[in-house]
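Undergrad: Below is one structure. I have some questions about it.
The values are calculated or read from the model by the stated rules, or taken from the named source; none is laboratory data. Here the structure is a predicted model, which means the values were calculated and not measured. Glycine also receives a Cβ, built like all others from the backbone with ideal geometry; neighbour counts cover every protein chain displayed.
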Amino acid sequence: MLTEKLSLTQIFTLIINFLLGSSVVIGIGMEAKQDAWIVVLISMFLGLIIMSFYFYLMSLHPGKTLYEIFEYCFSRKIAIVFTLIYSIYFLYLSCRVIRDFGELISIAILPVTPIEFTILSLMMVIGYILYLGIEVLGRTSEIFTPYTFVFILLLLLLLYGGERINLNNIQPIFVEKKLIVDSIPSILAFPYGELVAFTVVLANVTNFKMSRRICLISVAIASIILMAAVFLIVACLGENTALRTNFPLLSAARLVSIGEFLERIDALVVYVMMLGILIKSSVFLYGSLKGLEYIFKLPFRYFAMPLACITTLFSIFISVDFSDHLIEGLHVVIFLLHIPLDYGIPIFITFVVLLKKWRHDRKGLTGVKV
Amino acid sequence: MNYFKKILSINNKKDIPSNVKPEKAREIHLNTLTFEALKEEITKTFGSTADLQSDIFRFGKSEGCIYYLETVVNTEMLKEMLGSTLQNSDEEISVNTVEDLHRLSKKSFGVSGYKLIDCVKDMVTSILEGRIVIVFRGVSQALSLSYINSEGRSVTEPTTQTVVRGPKDSFVEDVSTNINLVRKRIKNQNLRFEKYEIGNETRTSVYMGYMNGIVNEKILEETRIRLKDINISAIFESANVEELIVDKSLTVFPLALNTERPDAVATYMLEGKIAIIIDGSPFVLVVPAVLTDFFTSPEDNYQNYFMSSFVRLIRYISFMIGLIMPSAYVGVLTFHPELLPTTLLLSVIAQREDVPFPAVVEVLLMEITFEILREAGVRMPRAVGQTVSIVGALVIGQAAAEAGIISNIMVIIVAITAIANFVFPNYAFANASRLIRFVLIIVASILGLYGVLLVLVFMVAHLSSLRSFGVPYLAPVAPFIIEDQKDVFIRAPIWSMNKRPSYLSPNISQKQKAQGSPSPPKVEGEGKKK
C-alpha cells in the first residue's frame, strides 16, 4: 500500500483551517471587550511557542506519531492506556467542534431542520474523507482554502466599503489590562492548545525539516486572520453586542449592505466556518482513529464510518443546549482536559524521551569504551 | 412447493444440448497433414461460411492451393498479383521444398510483407486478418500475403471536438490511417507503437503509442500490464478498453481522456502521455488524464494566450454554473429567500404565484424534460430533427411557462444550465456533471445551500482520491505544483512553457531551451545614444 504523505501546502492549509475552525464561529478573547484583538495578537506569539514545542516533541522521533512516542517511553501496555485517553479526548473534541457548527446551522441557516440531521450529514462526509485517508483530507483542504482567504478579504472590504467599521468601538485601547491578562489562559487552551492533534498528523509530512517553518508561518497567518475577524467583530458590533451574540462574525457579516444589492453575504462566512469545522473535526477524528489503529493494530479506515456515527451521537449527547455547551467548553473543559492533556502529558513525555535518549547515549558511549 | 420449484427450474435449465459447437483452430503442424487433409481441415474450421475461397491452381510444375476470405481481401489486387506472378512464370519452375518456397517468396513478394507459416492455427488467423494463404503440395510451410481491403471512411472534419482555427482532420475507424495521422505530425524515431490483440472473439488490434525517452517508464509499464491483463470477449470502441484499464470504475468521472483530434494526441504524447489507438474506433484514448485536461481544448494553443486564458476561466465558471445553478435555485427559494435582493425576490415570487409545484418538483420536471430532449436529439433519425426542435422550443420553452406549469425564470435556469454544459471541450466530462447535478438538486431540496456545499465537499474529496495510472487526478492543483501552473487555469505564452508537466514525471522535463519573448529588431543607433 502507498504510504500517505502530506505536502507542505497541505499541512499549511490544514493548520490554518484547524485554527480558524470553531474559533471563528464563536469568537475568542471576547472577555477582553474592546481589546480582544490585542489578546489574539499576544496569544499569537504564545501560539508560535506552543507550536514549536509540539514540533520539538515530534522532531525527537521524526515520522512517529504521539502514540508511538508513548511506546518508546513506556511499554506497550502503558502506552495503550495513554493512547486510549488521547483517543477519547480527540473524539470528545471532535464532538464539541461538530456541535458548535450544528448549533450554528440550526440557529442561523436551517432553523426547522433537526440538528441531528445536519450533524449526521456533515459527519458522513467527514467519515468518507477519513475513509479515503489523510491525503485526501489534505487535498480537499488545499482546494477549498483559497476561497476562505478571498471571502475573509471580501468581508473586510465590504464592511469597510459599507462604512460599517466604527473605530470608536475599539477605543480606548489597552486600558483594562487585567481583563487582557485574564482572558489569555483560555486562548492558550482553545484554539492553540488543541494543536496537540497535529502530533499525530505531522508524522505524515513529506519534508519534515521544512515543515517546521511552514507550521510556524501557518500559525502566524491563522492568528492574523483570527485577529482580523475579532477586530471586525468588535469594530462593527461594539463590545456589548459582540459579547452577547452567539455567532459574532455572522452577526457582523449581516451588517453588509451595499447598494441594496450586495447584502446578506453571511453565506460566505458560513462557508469559512464550515470549512474550518470540517477540517478541525476531521483532524481530531483522525487523531482518534490513529489511536484506535495503534491499539487494535487494524487499519484506521475500518473505524472511520463507525466513529463518524459515534461522533454524531455524542455531539448531541454532550450537552443539553447551546449555553450548556459553551459553559462546559469555556469553563470546565479547559482545566479538566485541555491543560493536562495539551500541556501536562506532552511536557512530561518530552522529559521522559530526553532522559531515555540521554541514558541511551551514555550507554552507547560506555559501550564504545569497552 | 414442487410447483414453485418447477417454475424456478425453468430459469435454471442448463443450456439446450446441441451438437453444434464453436470450431477452434487446432495447433497442427503443417508437415503432419497432406495437401488434401489440410484443405479439409481448413474447410472444416471455417464450416459453411460462404466467403471462404480455396482454389487449387497450377504453378509451373507444382500444384498449389490458395485460401482467402473474398469479402476481406482486396480482390482487384489479388487478381493482378495472380496474373503477374503466378501465371506468367515459365513451365520449368516448381515449388517442391521449403527452400523453393523461400526463394519464390523472396523473389516475387520480397517487398510486400510476406509471412511464412507452419501451423494450422496461424493459417486461420492469417486468413481472418484478411491475408491470403498459399500452400504448395508437399511443402510444409505456407505463404501468407497481405492483400487487406482497407476500405473505410476517409479523413473528415472532427464531429465532436471542433475548432475555429487549427487542423481540421480527425481520426477514422481504420487504425493504420490513424497512426499515419500521428506520424505525419511527429517525425521522430522515438515515436513508438506497440501492438496488442484484445478480445478473445474479436481479436481487435490495439496500438499503444508513446514517445520513447519522454514518457515515464513506470507509467508505461503500468499501461502495458493493464493492456495485457485485459480478458474480455469483445471490444468495439475505445470506451470498452477505457472501462477495463482505468484505476477505479466506481466513479462518474472519466479517468482517461478520449479525443478524435490527431493534433491533440500529438501534443499529449509530447508531454509524456500515452495514446491507445483501437482499430475500429475514431476515438483515441490518452492516459494518464487529469481533471484539468478536460478543460483544455487544442485550440487554446492556436489562439492568443490572453483569449485562451479567458476562455479557460469561462469553462471553469460554466462548469460550476452547470453543476449548481438548478440546485442553488431550489436551495435559495426553499430555504434562504433572504439571500436574494428584495426586488429580485419579489419578481421571482410573483412569477411563481401560479405555479402549483414546489421549487424542487419544478426543477426536476424541467431538468428531466431537458434530458429527454437531449437524448432524443442524439438518437433521432436525421429526418425528424426539425420536429424535435420545434416541439422542444415551443412546448418546453413557451407553452409550459404560459400554462403555469413552470415559471419563466425556471426556463432561463434550465437554458443556462444546458448551454453551460455544452461548453466542455470533452463530452465525457460533461456527462459526469449532468449526473451530479441531479444529486445536488435533491440534496438542495432537503438541506438547502448547506447540502449543496456538503455534496461539493464530498465530490472534491472523491476527486482527490482518484488516480489515473497512478497520477493524482487533481494534479497539479491538489497536490499543488507551482511549476505546472502555466497551463492550468491560464495559458502562458507558448515560448515561456519550457517544461513538460511535472506531475507526469517525464524522463526529460525540458521541452526546449528557455527563451524570451519575440521582440522587434533593435533599431541601429538607439543603443549608442547612451
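Undergrad: Output the residues belonging to region B:325-356 that are assigned to a loop (DSSP other than H, G, I, E, B) and at pLDDT 90 or above.
TA: B:F335, the sole residue that qualifies.
Undergrad: Another one. Just give me the residues in region A:237-254 being within 14 Å of chain B (Cβ to nearest Cβ) and in a loop (DSSP other than H, G, I, E, B), in sequence order.
TA: Selection gives A:R254 alone.
Undergrad: Looking only at region B:444-477, how many residues end up being of a type in the set (G, A, S) and over 20 Å from B:L255 (Cα atoms)?
TA: Final tally of qualifying residues: 4.
Undergrad: What number of residues within region A:102-120 are at the interface with chain B (Cβ under 10 Å from one of its Cβ atoms), over 13 Å from A:M274 (Cβ atoms) and assigned to a helix (DSSP H, G or I)?
TA: So the count comes out to 1.
Undergrad: Could I ask something else about it? Consider A:F208 carefully, then state whether it is over 17 Å from the mean Cα position of the chain (by Cα), within 27 Å of A:F12 (Cα to Cα) and at pLDDT 85 or above.
TA: When the stated conditions are applied, A:F208 passes them.
Undergrad: Going residue by residue through region A:52-67, is there one that turns out to be surrounded by fewer than 24 Cβ atoms within 10 Å (Cβ to Cβ), of a type in the set (G, A, S) and not in a helix (DSSP H, G or I)?
TA: yes
Undergrad: Does region B:408-423 contain at least one residue that is in contact (Cβ under 8 Å) with a residue 24 or more places away in the chain, closer than 28 Å to B:V163 by Cβ, touching a helix residue (DSSP H, G or I) at 6+ places or on another chain (Cβ under 8 Å) and not aliphatic (A, V, I, L, M)?
TA: Yes, there is a match, as at least one residue in region B:408-423 is in contact (Cβ under 8 Å) with a residue 24 or more places away in the chain, closer than 28 Å to B:V163 by Cβ, touching a helix residue (DSSP H, G or I) at 6+ places or on another chain (Cβ under 8 Å) and not aliphatic (A, V, I, L, M).
Okay, residues lined up against (1) basic (K, R); (2) within 14 Å of another protein chain (Cβ to nearest Cβ); (3) free of Cβ contacts under 8 Å to residues at least 40 places away in the same chain; (4) over 30 Å from A:F45 (Cα atoms):
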{"site": "A:L122", "(1), (2), (3), (4)": "no, yes, no, yes"}
{"site": "A:L157", "(1), (2), (3), (4)": "no, no, yes, no"}
{"site": "A:I170", "(1), (2), (3), (4)": "no, no, no, no"}
{"site": "A:I184", "(1), (2), (3), (4)": "no, no, no, no"}
{"site": "A:I187", "(1), (2), (3), (4)": "no, no, no, no"}
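Undergrad: Out of B:N200, B:N188, B:N231, which single residue is at pLDDT below 95, in contact with a Ser or Thr (Cβ under 9 Å, 6 or more places away or on another chain) and of a type in the set (S, T, N, Q)?
TA: On inspection, the qualifying residue turns out to be B:N200.
Undergrad: What residue, among those in region A:139-148 that are more than 8 Å from chain B (Cβ to nearest Cβ) and in contact (Cβ under 8 Å) with a residue 60 or more places away in the chain, is nearest to A:L249 (Cα to Cα)?
TA: That would be A:T148.
Undergrad: Kindly check whether there is at least one residue in region B:475-494 that is within 10 Å of chain A (Cβ to nearest Cβ), at pLDDT below 90 and touching a Lys or Arg at 6+ places or on another chain (Cβ under 7 Å).
TA: yes
Undergrad: Also, quick follow-up: If you check A:K33, A:K5, which single one turns out to be surrounded by fewer than 24 Cβ atoms within 10 Å (Cβ to Cβ), of a type outside the set (V, I, T) and within 14 Å of chain B (Cβ to nearest Cβ)?
TA: None of the other options fit; the residue is A:K5.
Undergrad: Working only within region A:8-30, note down all residues that are of a type outside the set (V, I, T) and either surrounded by fewer than 22 Cβ atoms within 10 Å (Cβ to Cβ) or not in a helix (DSSP H, G or I) (or both).
TA: Scanning region A:8-30 gives A:L8, A:G21, A:S22, A:G27, A:G29, A:M30.
Rundown of residues vs (1) assigned to a helix (DSSP H, G or I); (2) within 14 Å of chain B (Cβ to nearest Cβ); (3) out of contact with any helix residue (DSSP H, G or I) (no Cβ under 8 Å at 6 or more places or on another chain); (4) at pLDDT 95 or above, yes/no style:
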{"position": "A:E260", "(1), (2), (3), (4)": "no, yes, no, no"}
{"position": "A:Y271", "(1), (2), (3), (4)": "yes, yes, no, no"}
{"position": "A:L275", "(1), (2), (3), (4)": "yes, yes, no, no"}
{"position": "A:F284", "(1), (2), (3), (4)": "yes, no, no, yes"}
{"position": "A:S319", "(1), (2), (3), (4)": "no, no, no, no"}
{"position": "A:L330", "(1), (2), (3), (4)": "yes, no, no, no"}
{"position": "A:L337", "(1), (2), (3), (4)": "yes, no, no, no"}
{"position": "A:T350", "(1), (2), (3), (4)": "yes, no, no, no"}
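Undergrad: So which helices (runs of 4 or more DSSP H) are wholly in region B:380-482 and hold at least 2 residues that are under 29 Å from the mean Cα position of the chain (by Cα) and closer than 27 Å to B:E222 by Cα?
TA: Qualifying helices (runs of 4 or more DSSP H): B:427-465.
Undergrad: Kindly provide the set of residues from region A:212-261 that are more than 30 Å from A:Y56 (Cα to Cα) and of a type in the set (D, E, K, R), ordered by number.
TA: Passing the criteria: A:E239, A:R244, A:R254, A:E260.
Undergrad: Among the residues of region B:340-392, what is the count of those that are under 17 Å from B:V330 (Cβ atoms), of a type in the set (V, I, T) and either touching a residue at least 60 places away in the same chain (Cβ under 8 Å) or surrounded by fewer than 11 Cβ atoms within 10 Å (Cβ to Cβ) (or both)?
TA: So the count comes out to 3.
Undergrad: Assuming B:Q53 fulfils every condition listed in (1) surrounded by 15 or more Cβ atoms within 10 Å (Cβ to Cβ); (2) of a type outside the set (V, I, T); (3) in contact (Cβ under 8 Å) with a residue 60 or more places away in the chain apart from one, which condition is it?
TA: (3)
Undergrad: Sort through A:A228, A:A242, A:A267 and tell me the only one that's over 26 Å from A:K33 (Cβ atoms) and either buried (at least 22 other Cβ atoms within 10 Å of the Cβ) or out of contact with any Lys or Arg (no Cβ under 7 Å at 6 or more places or on another chain) (or both).
TA: Being over 26 Å from A:K33 (Cβ atoms) and either buried (at least 22 other Cβ atoms within 10 Å of the Cβ) or out of contact with any Lys or Arg (no Cβ under 7 Å at 6 or more places or on another chain) (or both) holds for just one of A:A228, A:A242, A:A267, which is A:A267.
Undergrad: Looking only at region A:46-57, decide whether some residue is of a type in the set (A, V, I, L, M, F, W, C), closer than 30 Å to A:C236 by Cα and modelled with pLDDT of 90 or more.
TA: Scanning region A:46-57, I find at least one residue that is of a type in the set (A, V, I, L, M, F, W, C), closer than 30 Å to A:C236 by Cα and modelled with pLDDT of 90 or more, so the answer is yes.
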